[in-house]
1. Enumerate the amide H contacts of Ala175 below 5 Å, restricted to partners 5 or more residues apart or on another chain; note that Pro and chain-start residues carry no placed amide H.
2. Given the -39500 (n - 2.57) contribution per DSSP H run of 4+ residues, what per-residue ellipticity at 222 nm results for the chain, rounded to the nearest 500 deg cm²/dmol?
3. Going by alpha carbons, how many degrees (0 to 90, nearest 10) lie between the helix axis of 66-76 and the longest principal axis of the chain?
4. What does the charge count around Met42 come to, taking other residues whose C-beta lies under 9 Å from its C-beta (Lys +1, Arg +1, Asp -1, Glu -1)?
5. So which lysines pass the test for Lys19, namely a Cα distance under 23 Å, with those fewer than 8 places away in the same chain ruled out?
6. Quick one: what are the phi-derived ³J(HN,Hα) couplings along segment 129-145, Karplus 6.51/-1.76/1.60 with θ = phi - 60°, whole Hz, x for glycine and proline?
7. Report the charge-dipole magnitude of segment 16-186 in Debye, nearest 20, computed about the Cα centre from +1 at each Lys and Arg Cβ and -1 at each Asp and Glu Cβ.
8. HN-Hα J couplings of segment 38-46 from phi, Karplus 6.51/-1.76/1.60, θ = phi - 60°, integer Hz, Gly and Pro as x?
Amino acid sequence: MATLTGCKDPEPDKFGTVKIELNPLIASEDTFAGTTEIVVTMLYGQCLQDFYLLNHPEYQQDGIEGAAIFDEWIDRLCDPGLEKVIDCEVTSIDQTLISDTSVYQLRVTYAVKDPTTLKLGYIHVGPFPTDEFVSGECELRPTVELRANGVLGRDMSDSQIWGIKALPGSSNAVANQGAPLRVDVGK
């Protein structure tokens, strides 16, 4: 894990991840063959919009506290110590908070080291403030939403080779919830 010099230590217990499990629609097909990159985009619910824009702008990606937290999570999201983590490396985390166009999202890009780990592993996405951290600040829980275009796999020529074909019954999640969001994917 990276050591930050001259910065206040991030508080990782206040932030967590959402897990995504990929389920190939056609079991006999090697859906993930050739995957070198995965891009995951999750939309912030109202509570997290308020958290970042109104209550705690210091935790935005370019904020005083947020810069160190987002930098640390680049290393943490593919840490082999995480539950069933895929073999990956985070190449970027991009937070978008644009009120004029109502775009409030987090996009994480992963370099995939071993595509065979995608079928049995979890993609850990974050950082997201936990329920406990925002407790009392919102009427609603600090949810994020995964939509149909929210996970895609690319090959070495940057072409999309697979994506979500079906979402789970509920595509909303909170940081550190027990079960992963299980999505059906295909070519």
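1. Counting only residues 5 or more places away or on other chains, the set is Asp131.
2. -2500 deg cm²/dmol
3. 30 degrees
4. +1
5. Lys84, Lys113, Lys119, Lys165, Lys187
6. Along segment 129-145, the couplings run x, 7, 3, 4, 5, 9, 3, x, 8, 10, 6, 9, 6, x, 8, 10, 10 Hz.
7. It comes to approximately 600 debye.
8. Karplus values, whole Hz, x for Gly and Pro: 10, 10, 10, 10, 10, 8, 6, x, 4.
Bear in mind these aren't lab numbers, they're just calculated from the coordinates by the rules spelled out. What you see is a predicted model; the values in this text were computed from it and never measured. We place every Cβ from the backbone using ideal geometry, glycine too, and count neighbours over all the protein chains shown.
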